[in-house]
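Novice: Attaching a single structure in structure tokens format; questions to follow.
Just so you know, all these numbers are worked out from the coordinates, no wet-lab data involved. Quick caveat: nothing in here was measured; it's all calculated off a predicted structure. Ideal geometry is used to build each Cβ from the backbone, glycine not excepted, and the neighbour counts take in all protein chains shown.
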Amino acid sequence: MNTRTIVSIVVVIAFAVAFFAARFYAPAKNVEQPIATVLYSCNAGKTITAIYYQGVSKPASGPDQPPIPGGSVALSFDDGSTMTLAQTISADGARYANANESFVFWNKGNGVMVLENDVEKSYVGCIAIAPESSELPQVYSNSAKGFSIRLPADYTIDESYKYQEFGPNKDISGVKFTIPASVAAGTNLSTDAYVSVEEIPNVNPQTDECSAKLFLENEMATSTVVEGDTTYSVASSIGAGAGNRYAETVYVLAGTSASRRTCIAVRYFVHYGVFENYPAGAVREFDNPALLAQFDSIRRSLVIVQ
């Protein structure tokens, strides 16, 4: 075999190696990563999972027009169907639609409006819910009151609840979530301990401060607590009577009245008997820090539609 032939063979082998390396070991193409995945709870127990993608905006179609958004949303419905919609121009929220606009998914804050031929039909009252949690597997969503919240298993729900400690004609309406009897069993904790979400409507943001003072008559102190992007006005009180204690703490979402003219509060109510009054060994003292930590987790899962 002459030198020229050997060189040709080497070149062919090198080309083949490069070809197969490029084919099988080339870097993967860039795949757009989602910017958010949100689960929505809708009326009648229906759900939608939305995966949002930002995309790249396109130039405006005219001098007085905004850029054309390049985002999209991939939707999965509780009946197993899926759909991917392109983002469209919207002056309010993020709007997504199919090519003929017969199906529109319109995200406005923590709420979503789903239009089928311009009508809310299959999915109504959809509200974002906090990410799934093994500690809080139960989901409660109320489109009329505009909020969703996660709860431990077996908490009971009372939608007719009213806080009545301010006296006649001063009730505060809300939804109450009461602990299961198993939490209090064998302890000095009463089974009526609860967390509630309450609202005071028609607050004038110009004259009335949305604070804990609106929800607790005999507060011991009022403070401001900031957790992430949420600011609370917080106050506590404790009442006593016939060997019982009634501890209350309210977390008021400061600023909710500015957009809704409604003040929203989360109330902790902990009723227990004075441990020293029980016969020795009759009950064990309930774990107050653990109960409050669970109440904190519930409160932090609250999602409000602004």
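Novice: Hey, what angle do you get for helix 3-25 against the long axis of the chain, alpha-carbon based, 0 to 90 degrees rounded to 10?
Specialist: Tilt relative to the chain: about 20 degrees.
Novice: I would also like to ask the following. Using amide H atoms built 1.01 Å from N in the peptide plane, name the residues 5+ places from N188, or on other chains, whose amide H lies under 5 Å from its own.
Specialist: R284, F286
Novice: Would you kindly derive the ³J(HN,Hα) couplings of segment 193-204 from the backbone phi angles with the Karplus curve 6.51 cos²θ - 1.76 cosθ + 1.60 (θ = phi - 60°), listing them in order in whole Hz, with x for Gly and Pro?
Specialist: In residue order, the calculated couplings are 5, 7, 10, 9, 10, 10, 9, 10, x, 6, 7, 8 Hz.
Novice: Pairing the Cα long axis of helix 288-300 with the longest principal axis of the chain, what angle in degrees results, from 0 to 90 and rounded to the nearest 10?
Specialist: Approximately 50 degrees, to the nearest 10.
Novice: Separate question: Provide D79, D158 in ascending order of the number of other Cβ atoms located within 10 Å of each residue's Cβ, fewest first.
Specialist: Details: D79 8, D158 13.
Arranged by neighbour count, lowest to highest, D79, D158 become D79, D158.
Novice: Here's a follow-up. With a Cα-only, solvent-free Debye model of segment 36-128, what are the log10 I(q)/I(0) values at q = 0.10, 0.11, 0.13 Å⁻¹?
Specialist: -0.26, -0.31, -0.42
Novice: So which of K162/K213; K121/K176; K121/K162; K58/K108; K46/K213; K121/K170 end up more than 28 Å apart by C-alpha?
Specialist: Details: K162/K213 17 Å; K121/K176 30 Å; K121/K162 32 Å; K58/K108 22 Å; K46/K213 37 Å; K121/K170 38 Å.
Going by Cα-Cα distance, K121/K176; K121/K162; K46/K213; K121/K170 fall outside the 28 Å limit.
Novice: Another one. Over the chain, consider all pairs of different Cα atoms and compute the Kirkwood hydrodynamic radius from their mean reciprocal separation; express it in Å, one decimal. If you can, show how the numbers build up before the last one.
Specialist: Details: mean 1/r = 0.0424 Å⁻¹.
It is 23.6 Å.
Novice: Got a sec? How would I35, I68 order by Cβ neighbour count within 10 Å, fewest to most?
Specialist: Working: I35 11, I68 14.
Going from least to most buried by this count: I35, I68.
Novice: Within a Cβ distance under 14 Å of T178, other residues only, what is the Lys/Arg minus Asp/Glu net charge?
Specialist: Numbers: positive: K176, R267; negative: D154, D158, E159, D192.
So the surrounding residues net to -2.
Novice: For segment 64-73, in order, what is each residue's ³J(HN,Hα) by Karplus, 6.51 cos²θ - 1.76 cosθ + 1.60 with θ = phi - 60°, in whole Hz (x at glycine and Pro)?
Specialist: Ordered by residue, 3J(HN,Hα) equals 9, 10, x, x, 8, x, x, x, 7, 9 Hz.
Novice: Moving on to the next point. Using θ = phi - 60° and the Karplus form 6.51 cos²θ - 1.76 cosθ + 1.60, what ³J(HN,Hα) does each residue of segment 214-219 get, whole Hz, x for Gly and Pro?
Specialist: Whole-Hz 3J(HN,Hα) from phi for segment 214-219: 6, 10, 9, 5, 10, 5.
Novice: How would you rank 287-294, 175-182, highest first, on the average number of other Cβ atoms within 10 Å across their residues?
Specialist: Working: 287-294: 13.1, 175-182: 17.0.
With the highest mean Cβ count within 10 Å placed first, the list reads 175-182, 287-294.
Novice: While we're looking at this one, here's another question. In percent, what relative contact order does the chain have, based on Cα pairs under 8 Å that are 6 or more apart in sequence? Please report the intermediate quantities before stating the final value.
Specialist: Numbers: 597 pairs, mean separation 37.0, N = 306.
This gives 12 percent for the chain.
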